[in-house]
Amino acid sequence: MTAALLLTVPLLPLMLAVLIGLRPGRTRLNHLVPWVALPGLLLAAFAPPGLEASIDGLLMGTQLALDPTGRAFLALTAGLWLAAGLFALGDRGQDPQRHRFYVFWLLALTGNLGLILAQDALNFYLFFALMSLSAYGLVVHSGKPEAWRAGRIYLILAVLGEVLLFAGLVLAVHAAGQSGLAAVAAARPEGWALALLVLGLGIKAGMLPLHFWLPLAHPAAPVPASAVLSGAMIKAGLLGWMRLLPFDATGHMILGELLVALGLTAAFLGAVIGALQVRPKTILAYSSISQMGLMTTGIGLALLLPEVRGWLLAAVTLYAVHHGLAKGALFLAAGMQDQRPTGPLASRLFALFVLLPAAALVGAPLTSGAVAKNVLKGPLDAEALPGWLAHTELLLTLAATATTLVLLRFLWRWRAGLQAPIEGLDHSRWWAWGSLALMALLIPIWIVWTAPGALPAEVHDLFGFSLLWPIALGLGLGWLTYLRVRDRANPRLPEGDLAILMEAAWRTARHKRRSLALPPPRPRRIPARLRGIRLLWRARLEAAERVLTRWETIGLLFASALLGLYLTLLP
């Protein structure tokens with residue numbers, strides 16, 4: 001019974017993906033798309049502690065469980081996919097290719113839910129790969145040139161990440177002698193295994209310098225896809241680190257210091273580059289790089305300070321939930337520019353729903369961001385950290401200033417793109433957006449109401465009044481910048497940063513290769529009869545290739561294979 005309950009969460013969206021792929025004309029099935037995430041949300045809310053199952057005959061021993069960390073990530077993931085799915089019903093309502101969008105949406109959802117419950121290396125990898133590769137269909141859905149460019153770069157990095165992760169898992173499982181993720185972490189992966197795991201998962205987590213797919217993929221993808229890419233799927237790399245890195249009493253000084261350095265660099269660099277962008281979704285993408293840098297810093301601190309690793313990992317989990325919901329709400333806000341209401345009350349709600357998640361991200365008092373940021377900084381002791389790391393708490397505080405600047409830029413550009421007020425509003429989009437935005441206030445209330453004594457007493461300023469000065473500093477710098485550039489053209493940097501340099505280097509290398517290439521050989525004469533046969537077979541192969549490379553065909557075959565594998569191997 002437990003195994004069936006845990007398997008239902010990822011298999012339900014997988015089966016719906018198969019049905020929509022087989023019957024694309026059945027539009028009633030589309031209305032079920034958001035609700036297949038609901039079982040995951042209910043499981044996270046009501047499942048008893050210690051829920052686990054082992055299925056020996058399935059994929060060399062499948063292990064599924066819902067531990068406290070997985071419960072928090074499952075609640076975030078299922079809740080965000082549910083809200084974004086409701087938004088997609090209105091946003092994609094007139095899209096002639098919406099069935100294709102929903103197939104890839106459901107496949108990515110299957111992988112995202114499954115990797116949270118998976119407790120063995122093989123299932124974790126399979127679900128992780130399903131999520132990563134299916135998201136490619138969401139990135140390129142519009143079919144525009146920028147979408148194909150973003151999809152190409154995303155797919156290259158996704159495949160590279162899968163290869164690195166697979167190699168790292170093979171080495172780590174071989175060293176541990178077991179395939180369970182807990183056993184792999186307890187065996188302390190070292191050397192190549194550790195490096196491959198950090199890099200393979202770091203690509204998905206947007207770690208520097210492997211982050212450049214984010215500012216290209218988010219503007220290209222539809223709005224609801226951007227919300228789950230940044231709010232939920234990017235957290236899969238973070239969860240993988242928490243499952244597989246050696247968080248024990250020994251810690252890991254070298255890796256910890258490296259992750260802290262990369263995380264703090266991303267926190268400031270992502271905000272600075274984001275403040276020089278023009279498109280709202282690109283600004284939010286760079287903000288995600290900055291915020292993931294803060295979570296990467298928390299992971300590094302847990303490796304540097306093993307005596308408080310439990311506190312720091314819990315703080316990173318809380319920060320991930322806070323960021324996923326707030327950033328998801330802001331990405332949905334980017335798709336609400338055509339939903340400006342006319343009435344005074346609705347107009348106030350419209351402004352409130354965009355300001356609340358923005359205030360939470362900067363850590364304003366009484367928001368989820370204030371709780372997350374202060375819990376993350378709570379256990380830091382300057383005397384316990386060597387060298388420059390003693391300034392980590394100050395740098396984490398100043399990161400709120402950088403976040404304030406980038407979100408001011410977002411609000412400015414978002415307001416510039418607002419359309420004229422309209423009468424007929426899309427209620428599904430409003431409900432989805434508003435529910436996520438209100439989480440910025442509801443999370444602190446829930447923490448105080450349900451577990452007032454669960455947080456350490458050392459967190460004196462739980463609701464973030466100590467963060468007022470960095471926010472005020474960011475507002476002052478933003479105002480001074482506005483006064484300086486208001487009469488000039490909008491400052492901007494090209495989207496993609498490192499991707500642009502790599503593409504330029506690739507074009508240069510191809511040009512030099514062509515200049516050095518030998519002249520082509522003279523063509524051979526082929527009899528007319530053979531030419532006709534070759535042209536006939538070529539036409540047939542091209543027709544077959546067109547059928548096999550259709551998005552719905554690929555998604556349907558992949559979903560059917562995975563579903564058939566699970567159903568046939570069930571004991």
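In cubic angstrom, how much convex hull volume per residue do the alpha carbon atoms of region 1-51 span? Please list the in-between numbers first.
Values: hull volume 3.5 nm³, N = 51.
Cα-based convex hull of region 1-51, divided per residue, equals 69 Å³.
Would you work out if region 1-100 is rounded, prolate or oblate? Take a ≥ b ≥ c from the square roots of the eigenvalues of the alpha-carbon gyration tensor; rounded if a/c is under 1.5, else prolate when a/b is larger than b/c, oblate otherwise.
Working: a/c = 3.21, a/b = 1.68, b/c = 1.91.
Oblate is the answer for region 1-100, as a/c is 1.5 or above yet b/c matches or exceeds a/b.
How much of the accessible area of the chain, probe 1.4 Å, is carbon plus sulfur, in whole percent?
Details: 17160 of 25490 Å².
Solvent-exposed carbon and sulfur of the chain make up 67 percent of the total.
Defining a contact as two alpha carbons under 8 Å apart and six or more residues distant in sequence, what relative contact order in percent does the chain show? Walk me through the numbers before you get to the answer.
Values: 877 pairs, mean separation 90.4, N = 571.
Dividing the mean separation by the residue count of the chain yields 16 percent.
With N denoting the number of residues in region 302-430, provide Rg(C-alpha) divided by 2.2 N^0.38 Å, to two decimal places.
Details: Rg = 18.5 Å, N = 129, 2.2 N^0.38 = 13.9 Å.
Rounded to two decimals, the normalised Rg is 1.33.
If we count GluC sites (Glu not before Pro) as exposed when they sit in a DSSP loop and have at most 15 other beta carbons within 10 Å, what is the longest stretch of the chain that avoids them all? Provide the component values of the computation, followed by the final result.
Numbers: sites that count: Glu190, Glu423, Glu458.
So the longest stretch without any such site is 191-422.
Give me the accessible area per residue for the chain, probe 1.4 Å, as a whole number in Å². Before the final figure, lay out each step's value.
Details: 25490 Å² over 571 residues.
On a per-residue basis, the chain sits at 45 Å².
Give me the percent relative contact order of region 119-192, please, defined on Cα pairs under 8 angstrom at least 6 residues apart.
On the way: 43 pairs, mean separation 27.8, N = 74.
Normalised by residue count, the contact order of region 119-192 is 38 percent.
Answer rounded, prolate or oblate for region 270-348, using the Cα gyration tensor with square roots of eigenvalues a ≥ b ≥ c: rounded when a/c is under 1.5, else prolate when a/b is larger than b/c, else oblate.
Numbers: a/c = 4.65, a/b = 2.02, b/c = 2.30.
Verdict is oblate for region 270-348.
Subtracting the Cα-Cα distance from 0.36 nm times the residue separation, let me have the gained length for Thr508 to Ile533 in nm, one decimal. Write out the running numbers ahead of the final one.
Working: separation 25, 0.36 × 25 = 9.00 nm, distance 3.97 nm.
My answer for the length gained is 5.0 nm.
Please report the spacing between the Cα centers of region 255-305 and region 29-89 in Å, no decimals.
Between the Cα centre of region 255-305 and that of region 29-89, the gap is 28 Å.
Over region 241-316, what is the relative contact order in percent, taking alpha-carbon pairs closer than 8 angstrom and at least six residues apart?
42
Suppose accessible area is computed on protein heavy atoms with a 1.4 Å probe; arrange Arg279, Arg188, Arg415 from highest to lowest.
Working: Arg279 85, Arg188 55, Arg415 180 Å².
Sorted descending by solvent-accessible area, the residues read Arg415, Arg279, Arg188.
I'd like to know which of Gln97, Ala402, Gly231 lies farthest towards the positive end of the charge dipole of the chain, counting +1 on Cβ of Lys and Arg and -1 on Cβ of Asp and Glu.
Gln97
Which value results for Rg/Rh of region 151-260 when Rg is the Cα radius of gyration and Rh the Kirkwood radius based on the inverse mean 1/r? Please list the in-between numbers first.
Working: Rg = 14.8 Å, Rh = 14.6 Å.
Value, to two decimals: 1.01.
Please give the net charge around Leu43, taking every other residue with its beta carbon less than 14 angstrom from that of Leu43, where Lys and Arg add +1 and Asp and Glu add -1. Write down the numbers at each step before the final one.
Working: positive: Arg71; negative: Glu52, Asp67.
So the surrounding residues net to -1.
Please state the shape class of the chain: rounded when a/c is under 1.5, otherwise prolate if a/b exceeds b/c and oblate if not, all from the C-alpha gyration tensor. Could you put the intermediate results ahead of the total?
Details: a/c = 1.36, a/b = 1.23, b/c = 1.11.
Judged from the Cα gyration tensor, the chain comes out rounded (a/c under 1.5).
Could you calculate the FRET efficiency of Ala261 with Leu122 from 1/(1 + (r/R0)^6), where r is the beta carbon distance between them and R0 is 25 Å, rounded to 0.05?
Numbers: r = 33 Å, r/R0 = 1.32.
In this case the efficiency is close to 0.15.
Length gain on complete extension for the stretch Val272 to Glu52, per 0.36 nm per residue less the alpha carbon to alpha carbon distance?
Numbers: separation 220, 0.36 × 220 = 79.20 nm, distance 4.39 nm.
Net length gain for the segment: 74.8 nm.
The values are calculated or read from the model by the stated rules, or taken from the named source; none is laboratory data. The model shown is predicted, which means the values in this text are computed figures rather than measured ones. Methodologically, a virtual Cβ is constructed for each residue, glycine included, from the backbone with ideal geometry; neighbour enumeration extends over all protein chains shown. For accessibility, only protein heavy atoms count, side chains too; no ligands or nucleic acids. Shrake-Rupley method; radii C 1.70, N 1.55, O 1.52, S 1.80 Å.
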